[in-house]
Amino acid sequence: MKFITDRRTIMKVIITLKKSVIGSKPEHIATVKALGLKKTNSSVVKELTPQIQGMVHAVRHLVECKEAE
């Protein structure tokens, strides 16, 4: 899951929670909450910064990430 961005443009991504956080580590639950995801299949649109990219990487088994148009 690599997103290459140009320094002049900020890429937007759609992050969707695909699996439940029940039984996950507390750190993963906190990361999902910090991304703004509440329920399964909920989605948010975020600008792809290094911080967001790291958060998505930490919970990549729970979320799906697509490029926004």
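If Glu27 passes every condition in (1) more than 12 Å from the chain's Cα centre (by Cα); (2) at pLDDT 95 or above; (3) assigned to a loop (DSSP other than H, G, I, E, B) but one, which one does it miss?
(3)
Taking the stretch 30-53, which residues are touching a helix residue (DSSP H, G or I) at 6+ places or on another chain (Cβ under 9 Å), outside any helix (DSSP H, G or I) and open to solvent by less than 90 Å² (accessible area, probe 1.4 Å)?
Correct list: Leu35, Lys46, Leu48.
Only one of these conditions is not met by Lys66: (1) open to solvent by 70 Å² or more (accessible area, probe 1.4 Å); (2) touching a helix residue (DSSP H, G or I) at 6+ places or on another chain (Cβ under 8 Å). Which number is it?
Checking Lys66 against (1) open to solvent by 70 Å² or more (accessible area, probe 1.4 Å); (2) touching a helix residue (DSSP H, G or I) at 6+ places or on another chain (Cβ under 8 Å), the one that fails is (2).
For the stretch 1-24, what are the residues that are open to solvent by less than 40 Å² (accessible area, probe 1.4 Å) and either at pLDDT below 95 or closer than 20 Å to Glu69 by Cβ (or both)?
Those that are open to solvent by less than 40 Å² (accessible area, probe 1.4 Å) and either at pLDDT below 95 or closer than 20 Å to Glu69 by Cβ (or both): Met11, Val13, Ile15, Thr16.
Considering the stretch 25-46 alone, what residues qualify as being touching a residue at least 24 places away in the same chain (Cβ under 8 Å) and closer than 10 Å to Val59 by Cα?
Glu27, His28, Thr31, Val32 - these are the residues of the stretch 25-46 that are touching a residue at least 24 places away in the same chain (Cβ under 8 Å) and closer than 10 Å to Val59 by Cα.
Of the residues in the stretch 20-69, how many are hydroxyl-bearing (Ser, Thr, Tyr) and closer than 25 Å to Ile10 by Cα?
Residues flagged as hydroxyl-bearing (Ser, Thr, Tyr) and closer than 25 Å to Ile10 by Cα within the stretch 20-69 amount to 4.
The values are calculated or read from the model by the stated rules, or taken from the named source; none is laboratory data. Values in this document were obtained by computation on a predicted structure and should not be read as measured data. Every residue, glycine as well, gets a Cβ built from its backbone with ideal geometry; the counts of neighbours run over all protein chains shown. Ligands, DNA and RNA are excluded from the accessible area calculation, which covers all protein heavy atoms including side chains. Shrake-Rupley method; radii C 1.70, N 1.55, O 1.52, S 1.80 Å.
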